[in-house]
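The block underneath contains the structure these notes are about, expressed in C-alpha cells.
We did not get these values from a lab; they are worked out from the coordinates using the rules stated. Since we're looking at a predicted model, the values are computed, not measured. Here the Cβ positions follow ideal geometry from the backbone for every residue, glycine too, while neighbour counts run over all protein chains shown.
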C-alpha cells in the first residue's frame with residue numbers, strides 16, 4: 001500500500017475500498033488519534049506492525065530504545081510533559097514483561113501511556129508457544145484497562161477507547177495486546193476511526209457537584225488555620241493558575257506533594273514547601289495544627305501521612321479528587337469534592353472569601369527558620385572539601401533560574417533535588433513517586449526531552465539507579481537530543497545505607513558499589529562528559545553541562561555518607577520530624 | 001462480629017473481567033464466600049453476586065468503590081442480608097442400595113420443602129432451595145443416609161427496592177433479553 005493512500009490527518013475518515021491489514025489499521029489509528037511519536041522495540045510477534053510502520057515513517061516518529069523498560073519510562077516522561085498519552089510498541093513475551101515496571105509505575109503515578117504489545121497467532125494462544133506469555137493476566141492489576149485483540153476489525157474502536165481511557169479522568173496505563181494473526185489479516189470492513197468520547201461503564205466526573213463545592217467553601221470560609229496540600233492532580237488538570245488565584249484570594253498556605261512539585265512557584269509567599277518523609281519541617285508538623293486541611297488532587301500516600309491514626313485528626317478534611325475511590329481510602333473526608341482539580345477550583349473561587357491568615361502563615365516561617373539553621377545552612381554553606389548533593393542542586397537551580405524540567409530517579413538525590421531545586425515554572429518535575437522505580441530517570445528524561453525539545457531537561461540520578469537503565473545512553477546518543485545528565489555519585493545505594501545507618505545499627509548490608517568509570521561509558525556511547533570532585537570546580541562544571549548543545553553527562557562525586565534530613569521515620573507521626 | 005455482605009456487580013460482558021474483580025479481593029486479603037455470575041434482563045450486561053463476611057463496614061465500602069473503578073463495571077451495590085431477598089440451591093446425591101433404609105420422600109417433600117429430581121439405579125438426587133442455614137439443617141437431617149455427593153450454589157439475590165437494579169445503570173440503549 002502506497003503512502004499516498006493512507007496519508008490523511010482528518011480526525012474521522014471512511015475510505016471505502018481501502019481494506020487495511022490489522023497492522024496498517026494500528027498505524028492509521030495512531031495517526032488519526034494525533035500520535036506523533038512512538039517509543040518501541042521490535043520483535044517476532046509485533047513484526048507485521050513494524051512492517052506497516054515502515055510506510056508510516058513520515059507521519060509517526062519511532063524511537064528505538066535499548067530495552068523495553070526504557071520505552072515505557074520514556075513514554076511516561078513524554079506523557080507527563082504533554083499531558084497526553086505516550087505510546088510504546090513492543091513484542092510479546094519478554095518484550096511485554098519488560099514493560100511491566102513502567103506500567104506499574106504509570107499506574108501509581110497516574111501517567112497516561114498506551115502500550116501496544118504483540119502476541120502469538122490466535123491459534124497458538126494458550127499453547128506455550130514461542131514468546132507467548134499471559135501479559136493480559138499479568139498486567140491486569142497494574143493497568144487502568146487492557147484488552148486482547150484477535151480480530152483486525154476491532155482495532156480502530158479498541159485503539160480509540162485505549163487513548164480515551166488512558167487520558168481521561170485519573171489518567172493511567174492501558175495495554176493493548178494484538179495477536180500476530182490479527183495484525184496480518186485484512187479487515188473485512190473499511191477502516192474508519194472515530195475518537196472515543198465516552199464509554200457507558202466509565203464516566204469520570206470532571207465537574208464537581210454543586211452541593212459538595214458549597215460545603216467545601218463553607219468550611220474554607222470558617223477556617224482559621226487552613227492548609228492546602230496540592231498534588232499531581234493539579235499538574236494533570238493544568239490547574240496551576242487556578243490554584244494560584246485561589247490561594248492568593250484566600251491567603252491559605254500551600255504545600256505541594258512530591259509529584260505536585262512545580263504546581264506553585266517555589267518563591268511564592270504562600271508556598272510552604274512539601275510534606276512527607278523528607279519534606280519540610282513546618283509542612284509536616286503543621287499538618288497536625290491546621291483546622292481545615294484541603295487536599296487537591298492527591299491521595300494521602302503513606303509517605304505523606306506517616307501514622308494515619310495520628311494524622312490531621314484535629315482538622316476537617318476537604319478532599320478534592322477526580323478518582324472517587326481515593327475518597328476516604330486513607331484519610332476520612334469531611335467534605336469530599338469529586339471532580340477535576342481545575343473544575344473544582346474554578347467552582348470554589350467565587351464562593352470563598354478573601355482572607356489573609358498572616359498569623360497562621362507566620363508559624364510556618366518559624367519552622368522554616370529552624371530548618372534553615374539546622375539543615376539547609378549545613379548543606380549549602382559548609383566548610384568541608386567534599387561536595388554535598390544539596391549544594392550541587394542549589395547551584396543548578398540558580399543557574400537554570402528554576403525553569404528547567406527536572407527528572408529524578410529514586411533515592412537520596414531525589415529527595416535532595418526536590419528540597420533544593422526552586423521550581424519557578426509549572427509542570428517541571430518528572431519523578432517516580434508511588435512506585436519508586438530506580439532506573440526511571442534516564443529514559444524518562446529522554447522521553448520528556450522528546451516531548452518538549454525547547455525546554456532544558458536535566459536528569460538527576462544516583463550512581464545506583466543510573467546503572468539500571470544506562471543502556472538508554474545509546475538511545476539519547478542516536479537521537480542527538482541534548483538531554484543533560486547529572487550523576488550524584490556517593491558510591492552507595494545512599495537511601496538504603498541511610499536507613500541501615502539510622503534504623504539497622506549501621507549494618508551496611510550490600511549497599512556499597514564498585515562503580516564503573518561513568519565518563520568512559522558515556523564516551524563509549526558517543527556522549528561527552530566529565531567528573532567533578534573538587535568543590536571549587538562545581539560551578540564551572542555545571543556551566544559546562546548547561547552550555548553543551550549536545551547530550552552531556554556530569555558526574556559529581558559527593559560526600560559518601562551524607563544523610564537526608566528532615567526525616568519522618570516510616571509509619572511515625574508527622575510531628576516526629578528528625579532534623580539530624 | 002462478622003457481618004455478611006452481598007455485593008452485586010453489574011458489568012459489560014467482557015473476557016477477563018472476573019479476574020479483574022477478584023484481584024481486588026486478593027489485594028485486600030478478602031475471602032470470597034461464594035460467587036455467582038449470570039446475564040441480566042439487559043442484553044450484554046452480566047451480574048456478579050459476591051458474598052463476603054467482614055467485621056469492618058468501612059473496608060467493604062472501600063472494596064465497593066475499588067470495584068466500581070474498574071472500567072468495564074457499570075454499577076456496584078453492597079447489601080446487608082435484611083436489604084435483599086436471597087436464596088441458594090443444593091443438590092444431594094444419596095445412595096439407595098438394596099436393603100438400605102429407604103428414603104423418607106414424604107418428609108423430605110413436606111417438612112423440608114425439598115424434592116427428588118433424579119432417580120438413579122441405586123441412588124437419588126435431592127434438590128433443596130433455601131438459605132444457607134436451611135440447607136445446612138437439611139444436610140444434617142440427610143446424614144442418616146449415605147450422602148455420595150453434596151454441592152451448593154452461590155447466593156442469588158435481588159434488592160428489596162421498588163425499582164429493579166438495572167434501572168440504576170448508566171443510561172444507554174439497552175436491549176431487553
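Couple of notes before you dig in:
- Residue B:89 versus residue A:57: modelled label distance in nm, points set 7 Å from Cα along the beta carbon direction: 6.3 nm
- Number of partner chain Cβ atoms within 10 Å, mean per residue of A:195-205: 4
- Per-residue average of Cβ from other chains inside 10 Å of A:324-337: 2
- Rounded tilt (10° steps) of A:538-547 against the dominant C-alpha axis of chain A: 30 degrees
- Evaluated over the stretch B:1-42, the Cα radius of gyration and Dmax, each in Å: 12.0, 37
- For peptides B:116-127, A:45-56, sequence by mean Cβ density within 10 Å, most packed first: A:45-56, B:116-127
- Packing rank of A:91-97, A:408-414, where each peptide gets the mean count of other beta carbons within 10 Å, highest leading: A:408-414, A:91-97
- Contour minus Cα-Cα distance for residue A:248 and residue A:373 (0.36 nm per residue): 42.1 nm
- The stretch A:129-219 - convex hull of the alpha-carbon atoms, volume per residue in Å³: 120 Å³
- Size-normalised alpha-carbon gyration radius of the stretch A:387-557, reference 2.2 N^0.38 Å: 0.97
- Each part reduced to its alpha carbon centroid, the stretch A:549-580 and the stretch A:161-213 end up 40 Å apart.
- 222 nm mean residue ellipticity, helices alone, for the protein assembly as shown (DSSP H n ≥ 4; -39,500 (n - 2.57); rounded to 500): -9000 deg cm²/dmol
- Shape call, the stretch A:362-484: gyration tensor on alpha carbons, a/c limit 1.5: prolate
- Counting only other chain Cβ atoms within 10 Å of each residue's Cβ, the peptide B:59-71 averages 4.
- FRET E, pair residue B:111, residue A:200, Förster distance 41 Å, beta-carbon r, rounded to 0.05: 0.25
- On Cα atoms only, tilt of A:494-503 relative to the major axis of chain A in degrees: 50 degrees
- For chain B, alpha-carbon Rg and Dmax in angstrom: 19.4, 63
- Histogram of C-alpha separations across the stretch A:74-116, 10 Å bin width, %: 33, 55, 12
- Each residue of the stretch A:111-179 gets 68 Å³ once the volume of the Cα convex hull is shared out per residue.
- Three-way shape label, the protein assembly as shown, alpha-carbon gyration tensor, a/c 1.5: prolate
- With 10 Å bins from 0: P(r) over the stretch A:474-580, alpha-carbon pairs, percent: 13, 33, 27, 20, 6
- Rounded if a/c under 1.5, otherwise prolate or oblate - the stretch A:210-363, Cα gyration tensor axes: rounded
- Packing-based ranking of A:264-272, A:498-506 yields A:264-272, A:498-506, ordered from highest to lowest mean Cβ neighbour count within 10 Å.
- For chain A, averaging the sequence separation of C-alpha pairs within contact (under 8 Å, six or more residues apart) and dividing by the residue count gives a relative contact order of 14 percent.
- Cα centroid of the stretch A:397-433 to Cα centroid of the stretch B:128-177, whole Å: 57 Å
- Pair residue A:540, residue A:508: separation of 7 Å Cα→Cβ label points (nm): 3.1 nm
- Centre separation in Å (Cα based) which lies between the stretch A:74-132 and the stretch A:459-514: 25 Å
- Kirkwood Rh and Cα Rg combined as Rg/Rh, the stretch A:380-423: 0.98
- Chain B, relative contact order [Cα under 8 Å, separation at least 6], %: 27 percent
- Cα long-axis angle, helix A:155-167 against chain A (0 to 90 degrees, to the nearest 10): 0 degrees
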